[in-house]
Amino acid sequence: MLKAIRKIVAGGIVTETAPPADPQLCVHTILQQRIRVLLGRALCIRHVDAGSCNGCELEIQALNNPIYNIEGLGIKFVASPRHADMLLVTGPVTLNMRAALQRTYEAMPDPKIVVAAGDCGCTGGIFGESYASCGRVSNVIAVNVAIPGCPPSPLRILQGILAAIT
């Protein structure tokens, strides 16, 4: 064993140096800088479920896992609309959630960015407009970006969030 250790110490490092990082692959740093230039801090999102089946919520929760790591990009979810830069709404707006969604929107500071996620949030989905549903989110508040899909993948949700801030 001692002979092997001496040989390793005498030989030194025999591997080649790592190549320099490709600037085009440093999306994490570029994205953080862009968010900080636009907002001066991390992008804070308030999520509101206006009456969905929770399919979109599962995909939104996947954004927080180690694969997508949305907080590592400088984007985080907050509990209060007063701290939010963006409102992420899922599901068709039910009659009971209409007032709550409007109050949440009004409590947000300017500029208000609204993203509707999922087919239900974009078009009303299979629920449409009825005695219990106001339909799509844009029937209640102004929407900046709509992310279609039932449910949209975490990558499409992230693309929609990034499209809203550019």
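Here A79 meets each of (1) out of contact with any strand residue (DSSP E or B) (no Cβ under 8 Å at 6 or more places or on another chain); (2) part of a loop (DSSP other than H, G, I, E, B) with one exception, condition (1).
Only one of these conditions is not met by A132: (1) surrounded by fewer than 17 Cβ atoms within 10 Å (Cβ to Cβ); (2) of a type in the set (G, A, S); (3) touching an Asp or Glu at 6+ places or on another chain (Cβ under 7 Å). Which number is it? Answer for A132: the failing condition is (3).
Looking only at residues in region 96-128 that are assigned to a strand (DSSP E or B) and touching a helix residue (DSSP H, G or I) at 6+ places or on another chain (Cβ under 6 Å), which one is farthest from S153 (Cα to Cα)? Here the residue is I113. Residues considered: I8, I67. Of these, the only one that is at pLDDT 75 or above, of a type outside the set (D, E, K, R), in a helix (DSSP H, G or I) and exposed (fewer than 12 other Cβ atoms within 10 Å of the Cβ) is I8.
When residues in region 52-95 are screened for being out of contact with any helix residue (DSSP H, G or I) (no Cβ under 9 Å at 6 or more places or on another chain), among the charged types (D, E, K, R) and over 17 Å from P152 (Cα atoms), 1 of them pass. I'm checking my understanding of the structure. Among residues of region 129-149 that are in a loop (DSSP other than H, G, I, E, B) and either in contact with a Gly (Cβ under 6 Å, 6 or more places away or on another chain) or of a type in the set (K, R) (or both), which one is nearest to F77 (Cα to Cα)? Selected residue: R136.
Selection of region 110-129 for residues being more than 19 Å from V145 (Cβ to Cβ) and either touching a residue at least 12 places away in the same chain (Cβ under 8 Å) or surrounded by 21 or more Cβ atoms within 10 Å (Cβ to Cβ) (or both) yields F127, G128.
This table checks each residue for (1) among the polar types (S, T, N, Q); (2) within 15 Å of D49 (Cβ to Cβ).
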site	(1), (2)
A107	no, no
V114	no, yes
T123	yes, no
S130	yes, no
V140	no, yes
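Any residue at all in region 91-109 that's modelled with pLDDT under 90, farther than 21 Å from R34 by Cβ, surrounded by fewer than 18 Cβ atoms within 10 Å (Cβ to Cβ) and acidic (D, E)? Within region 91-109, none of the residues are modelled with pLDDT under 90, farther than 21 Å from R34 by Cβ, surrounded by fewer than 18 Cβ atoms within 10 Å (Cβ to Cβ) and acidic (D, E).
The values are calculated or read from the model by the stated rules, or taken from the named source; none is laboratory data. Predicted, not measured: the structure shown is a model, and the values here were computed from it. Ideal geometry is used to build each Cβ from the backbone, glycine not excepted, and the neighbour counts take in all protein chains shown.
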